[in-house]
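The structure appears below as structure tokens.
Nothing in this text is a laboratory measurement; each read-out follows from the coordinates by a stated rule. Keep in mind that this is a model prediction, so the values were computed, not measured. Positions of Cβ are backbone-derived with ideal geometry, glycine not excepted, and every protein chain shown enters the neighbour counts.
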Amino acid sequence: MLSLRFFVRRFSKQKGGLLGLTILLIFVAFAVYPPAFAKYDPADPKSYFVGQALAPPSWSSFFQGSSRTGFYGSLGTDQLGRDVFSQIVYGTQTPVLITFLSSAASILIGLLIGLLAGYFGGRSDELLMRTADIVLTIPLLPLLIILVSVNSNYLLDLTVLIVLAWWAWTARLVRSQVLSTKERAFVDAARVLGVRNFTIVRRHILPNVVSLVFATATIGVAYAVITQASLSFLGLENSARGSWGTMLFYALKFASFSTGAWWLVLPPGICLSLLVLSVFLVGNAIESVIDQIGT
Amino acid sequence: MIGGPRLTAPQVAELKHSFGLDRPFWEQYFVYLGNYLTGQWGNSFYTGRPIMDEISGRIWNTIILVSLSSIVAGTIGLYLALVSGRSYGKIRSGFAISASLVIYSFPVFWLGLVLVMIFAVVLGWFPVGGTTSPLPPTDPLPAIADYIAHLALPLMTLILSGIGASVIITRGAIFQELKQDYVLTAKAKGLSETQVLFRHVLRNSLLPLITFTALNFGYILAGAILVEIVFSWNGLGTYIFNAVLNLDYPALQASFFLISLGVIIANLLADFAYARLDPRVRR
């Protein structure tokens, strides 16, 4: 079995993985305690400053003479005079929370169901996979648009719904991998020796599926990030602070970009794709470390 | 059932009867199913017009956008993947894969906003949004040109994001295929690298791309919905969005039905394409 120290040593040789991990950790830090990084909570009307609305980014002490200091205005301000940098920092919370919760849950459920269906086969396999087929044909975004707009608890609903839609992908892929692993000689050998089913799955099948699970997990996280952003871009997020998608929603609504306010459009989008990319990089690195250990 | 003070019992009964609400639930359900299949989708809560009419006026805009962008993005993506497959391990190939990954990581609606900013606001080459100009030209030729000018940016957005996805998927498939014995045979026969790639590998690596496109069709549609909203493109996406804002449930139901139908048709087409491309499936 692979030891943690060995894993860490191998991982630290992956440059892309380290870069991704750094970006990811920055975002997680933003999400855990935003006041440490940004002074102007977007949910607090006192931090608005209408007189300085739509100010372009500037690094030189932007509002000298006013009471505002720190990074205020370093990425410009929006139409309400809210600090864009603070919005970015506070806007990290929803994407990070939802995507990690939903992808962790859907991977666990998908892994369990895939193992179950693939290893035991038979009627339960048939039932689970037909259900997965049905789930896979349902287009996720339109469904989410409708359900989120009629429900009230945004965070919980969105997480549950993404999980409901996503377990099927993982389950299908895991099952196909289990089906081929199951036929290998070492599984038969273990069975002849009288090893219990649970132990066979845990010791012999699971290690062969883990790399695939990480591959699907990265795609799953990426889809979850973008799905969440899409919904808040449609203005369907009802959290006080909003997120990166909400910033883009306001940019479209007030047509900020057509007045040349590029600083309202570029930062949230770049953050979104950085988050997705960092997950890709980390996932790739973990995958190749596991593959190295396997060979 | 709500009844105002001025509504008498017979009137309520008559109203119920006219909507078929006095019949048992299972009967109502089958009547509903029958109506749905014959295209009677009811009236919109918001505009009061038949939903069938409203959607049939817009659906073509969405179909044009989605099918054109899928075909163009698939073709370009496939070509790029093949070319980068030839130079596997070289810098050019690494660049292709990183560029596709970066594009793939962009949220499609954001890509749309950025393209609007560059091409419509700064450069002024294309209109900012809409399907036609507010007063579209009446002559057929200028009208078509007007439509194409409005189509350009949303199409470009969907194509760009589609290329990223198809390069990533096809490249994986091409590497799998390049390891196969038939590639070695073809090379041993003295075929050039290009011939091996385009005659032998292309056909086999098309299969995963087709499966992916079909399975992913819902996601492609979702992208189209978002892009339509960014560009106020008068298609199904903006229709769904407005229906959500107006709580127009019959309209949502019909749109959802159509989208599911689209996904099923895409999967069916993929199965047919599979059978044509891969003789092993036909057995």
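Data overview
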quantity: For the protein assembly as shown, radius of gyration divided by Kirkwood radius, i.e. Rg to Rh on alpha-carbons; calculated: 1.00
quantity: Translational diffusion of segment B:72-208, µm² s⁻¹ [Kirkwood Rh, Cα pairs; Stokes-Einstein; 20 °C; 1.002 mPa s]; calculated: 125 µm²/s
quantity: Square roots of 5 times each gyration tensor eigenvalue, C-alpha, chain A, largest first, Å; calculated: 44, 23, 13
quantity: Per-residue HN-Hα couplings for segment B:198-213 [Karplus 6.51, -1.76, 1.60; θ = phi - 60°; Hz; x = Gly/Pro]; calculated: 7, 8, 9, 6, 3, 4, 6, 7, 5, 4, x, 5, 5, 4, 4, 4
quantity: Order of A:ARG10, B:ARG203, A:ARG123 - criterion: other Cβ atoms within 10 Å of each residue's Cβ, fewest first; calculated: A:ARG123, B:ARG203, A:ARG10
quantity: Neighbourhood charge, 14 Å Cβ-Cβ cut-off, centred on B:ASN43 and excluding it, Lys, Arg +1 and Asp, Glu -1; calculated: -2
quantity: Mean Kyte hydropathy of 0.0 or more with a Cα span along the axis of at least 30 Å, helices from DSSP in chain A; calculated: A:93-120, A:154-182, A:206-233, A:266-294
quantity: Local electrostatic count, A:ALA171, Cβ distance below 14 Å [Lys/Arg +1, Asp/Glu -1]; calculated: 0
quantity: Compactness relative to 2.2 N^0.38 Å, alpha carbon Rg of segment B:214-283; calculated: 1.42
quantity: Shielding by partners, peptide B:108-121 (average Cβ within 10 angstrom, other chains); calculated: 5
quantity: Virtual spin-label span in nm between B:VAL83 and B:ILE63, 7 Å along Cα→Cβ; calculated: 3.3 nm
quantity: Label-to-label distance, nm, for residues given as A:LEU156 and B:THR38 (7 Å Cα→Cβ offset); calculated: 4.4 nm
quantity: Cα-based Kirkwood hydrodynamic radius, segment A:105-196, one decimal, Å; calculated: 14.7 Å
quantity: Lys/Arg +1, Asp/Glu -1 at C-beta; the protein assembly as shown dipole; positive extreme among B:GLY124, B:ASN43, A:LEU277; calculated: A:LEU277
quantity: Tail weight of P(r) past 20 Å, computed on alpha-carbon pairs of segment A:180-263, percent; calculated: 60 percent
quantity: Residue mean of other protein chain beta carbons inside 10 Å, A:214-220; calculated: 0
quantity: With 10 Å bins from 0: P(r) over segment B:164-283, alpha-carbon pairs, percent; calculated: 12, 30, 26, 17, 11, 4, 1
quantity: Cβ-defined net charge surrounding A:GLY121, 12 Å radius [Lys, Arg +1; Asp, Glu -1]; calculated: 0
quantity: Residue-averaged 222 nm ellipticity for chain B, from DSSP H runs of 4+ at -39500 (n - 2.57), nearest 500; calculated: -24000 deg cm²/dmol
quantity: Cα-based equivalent ellipsoid of segment B:194-245: semi-axis lengths in Å, sorted from largest, via gyration tensor; calculated: 36, 11, 6
quantity: Chain B: translational diffusion in µm²/s, Stokes-Einstein, Kirkwood Rh over Cα pairs, 25 °C, 0.890 mPa s; calculated: 110 µm²/s
quantity: Contact order normalised by residue count of chain A, Cα under 8 Å, 6+ apart, percent; calculated: 25 percent
